[in-house]
Amino acid sequence: TACKNRPLDLVFIVDSSRSVRLEEFEKVKIFLSEMIDTLDVGERTTRVAVLNYASTVKVEFPLRTYFDKASLKEAVSRIEPLSAGTMTGLAIQTAMDEVFTEEMGTRPATFNIPKVVIVVTDGRPQDQVQDVAASAQTAGIEIYAVGVGRADMQSLRVMASEPLDEHVFYVETYGVIEKLTAKFRETFCAVNVCALGTHDCEQVCARNGASYLCDCYEGYTLNPDKRTCSVVDLCAPGRHECDQICVSNNGSYVCDCYEGYALNPDKKTCSAMDICAPGKHDCAQVCLSNDGSYSCDCYEGYTLNPDKKTCSAVDMCAPGRHDCEQVCVRHDPFYSCDCYQGYTLNPDKKTCSRAITSSLVTTEESCKCEAIAALQDSVTSHLEALSTK
């Protein structure tokens, strides 16, 4: 039985890249024909368009062309594969730009006719489909993603509308793709309050038989009124997977680490950094690592300044700082010992002993002594003579 209760502006986007064999593409066309049979096709009911894509996109026919099933099915039977590339994003963009326009048969927004896309593909998109799909959904286009065989499930989920379990379908081969006809008929033909937009859910409407329930996006929780949603504190204990610090971020969260730790590649756990590596600390001389933090120290002969970073030379010859017996001589930041005149430094380089005067006098020293004595006698005689006068 054809649908009677829900008119659509429906666009099929069909992958005919090289990976789709000719006999498989024929199966896709049978699926399209069977889908057309289940729809209430007409100018004032459901309008159908088909886009064929590979590395290029071809609008086989827009929404304004055929308004009866026989003509639609005949047009589908004439579609030929393009056989190169998988530019799914480009195909969705082309649907927005060239098919979902009033000139091409899309009905005005005031008619409240749902705009629906069904993408059928067996590969991975070779372009950026996520942003394009998001733009299409923002423009009010509902996207169903049908994957066959080698199709990349993550890409299907990225391009499909929420809730994903109602908009993402998968079959093992093109040979069983007709199985999906009944699923789409159930989706399009049942009285769907969520699809008709007559619900009062703030974020997500979930079908519940002939009625519906409201739900919220990830990171939000349903309020007691069962209609509106509030942001969940995902950083509350037990809600996140962060090793050290959880930072709330608009319905989501990111992990961070304490000072001295770095976030690991898993973006959840933390590892201690080598804080004392060159360029990571501000110690003037010595950096001491201490469980994710650090403290500064100084070399021997220096003392740490009040700023706990820089160092000053210690006066090693200050009282109490050296072990010299008599004289301390500074050589910053070190020192050496010396002795007073008449003393000599012992082998321990610290203590001193009185110097021993040699009793052996050389001939030269003896002559010097005699000369000095003669001079002294001469001076004395001269002074006595002056005194007498």
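No other residue among Ile118, Ile79, Ile113 is in the same structural domain as Ser16 (by the TED database) and outside any loop (DSSP other than H, G, I, E, B) apart from Ile118. For residues that are modelled with pLDDT under 90 and among the hydroxyl-bearing types (Ser, Thr, Tyr), scanning just the range 18-52, find the one that is surrounded by the fewest Cβ atoms within 10 Å (Cβ to Cβ). The extreme case among them is Thr45. Could you go through the range 160-181 and let me know if any residue there is open to solvent by less than 30 Å² (accessible area, probe 1.4 Å), acidic (Asp, Glu), touching a residue at least 24 places away in the same chain (Cβ under 8 Å) and not in a helix (DSSP H, G or I). Among the residues of the range 160-181, not one is open to solvent by less than 30 Å² (accessible area, probe 1.4 Å), acidic (Asp, Glu), touching a residue at least 24 places away in the same chain (Cβ under 8 Å) and not in a helix (DSSP H, G or I), which makes the answer no. Picking from residues in the range 95-105 that are closer than 13 Å to Val59 by Cβ and surrounded by fewer than 21 Cβ atoms within 10 Å (Cβ to Cβ), the one that is nearest to the chain's Cα centre (by Cα) is Met96. If the condition is being within 16 Å of the chain's Cα centre (by Cα) and surrounded by fewer than 16 Cβ atoms within 10 Å (Cβ to Cβ), then the range 255-274 contributes Asp256, Ala262, Asn264, Pro265, Asp266, Lys267, Lys268, Thr269.
Looking at this structure, is Ile92 over 21 Å from Leu180 (Cβ atoms) and either modelled with pLDDT of 95 or more or open to solvent by 10 Å² or more (accessible area, probe 1.4 Å) (or both)?
Answer is no for this residue.
The values are calculated or read from the model by the stated rules, or taken from the named source; none is laboratory data. Small disclaimer: the values here were computed from a predicted structure and weren't measured. Please note: Cβ atoms are built from the backbone with ideal geometry, for glycine as well, and neighbour counts cover all protein chains shown. With ligands, DNA and RNA removed, areas are computed over all heavy atoms of the protein, side chains included. Shrake-Rupley method; radii C 1.70, N 1.55, O 1.52, S 1.80 Å.
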